[in-house]
Amino acid sequence: MSFFRNNGLTIVLLGASVATIIPMSLTGFLVFAEQAARHHAAGVTFIQYLSSGHFLSALFENWESEFLQMSAYVCLTAYFFQRGSAESKDPDAPSDKRQRDRAHPLYAYSLGIVLATLFLASFALHLVFSARAAGEDALRHGGLPVRILEHVGDAEFWFESFQNWQSEFLSTMVLVVLSIFLRYRGSPESKPVNAPNSQTGTSD
């Protein structure tokens, strides 16, 4: 029981991820099958659909935006402040330079590096499978497969990315600002309920 208690947040979030990917894949399969029937194209099985550009492009498109949000948040909060926000360091607090000097440079920035790497990997996979999805659509209309290098210049691919990127930056900004004025008892992302709006960070 101590394992589940000590790792409950990770377990619940992982379970929620799986619980939402499953219906995403099922509903995506229905959409894909409907499109195939509309164009009198050959159908695919559900297992085949899971390796299709239609599904994998959508999956990695969303992962890409989430890892962008997290990596940007981790890196930007190291250098910029928002007075009163629970999501910001206190601009008047002592510097942690002494602690930084003791740490190995790679480890000192490892969280941002790994999150940025996950973003770049997801972006690359989104590109690959978005090109595959475009190729699948082209073949249904009697066209030719789409090359990845050609797809880099495709406006729809960048539309898919930017529509997610802007929402991630906006939602992060909203969280930063709302944490100045609003509270959630028991959450480490919130200041104490009785803390003044001017308090920056989550310390008591």
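The values are calculated or read from the model by the stated rules, or taken from the named source; none is laboratory data. For clarity, every value in this text was computed on a predicted model and none was experimentally measured. Cβ atoms come from the backbone with ideal geometry, glycine included; neighbour counts cover every protein chain shown.
For segment 180-199, the candidate set comprises residues that are hydroxyl-bearing (Ser, Thr, Tyr) and within 20 Å of Ala93 (Cβ to Cβ); within that set, the residue that is surrounded by the fewest Cβ atoms within 10 Å (Cβ to Cβ) is Ser198. For segment 74-84, the criterion of a residue being at pLDDT 95 or above and more than 24 Å from Leu115 (Cα to Cα) is satisfied by at least one position. The listed residues are Val193, Val146, Val177, and the only one of them that is in contact (Cβ under 8 Å) with a residue 12 or more places away in the chain, over 22 Å from Leu76 (Cα atoms) and β-branched (Val, Ile, Thr) turns out to be Val146. Just one of the numbered conditions (1) within 19 Å of the chain's Cα centre (by Cα); (2) surrounded by fewer than 15 Cβ atoms within 10 Å (Cβ to Cβ) is not true of Arg147: (1).
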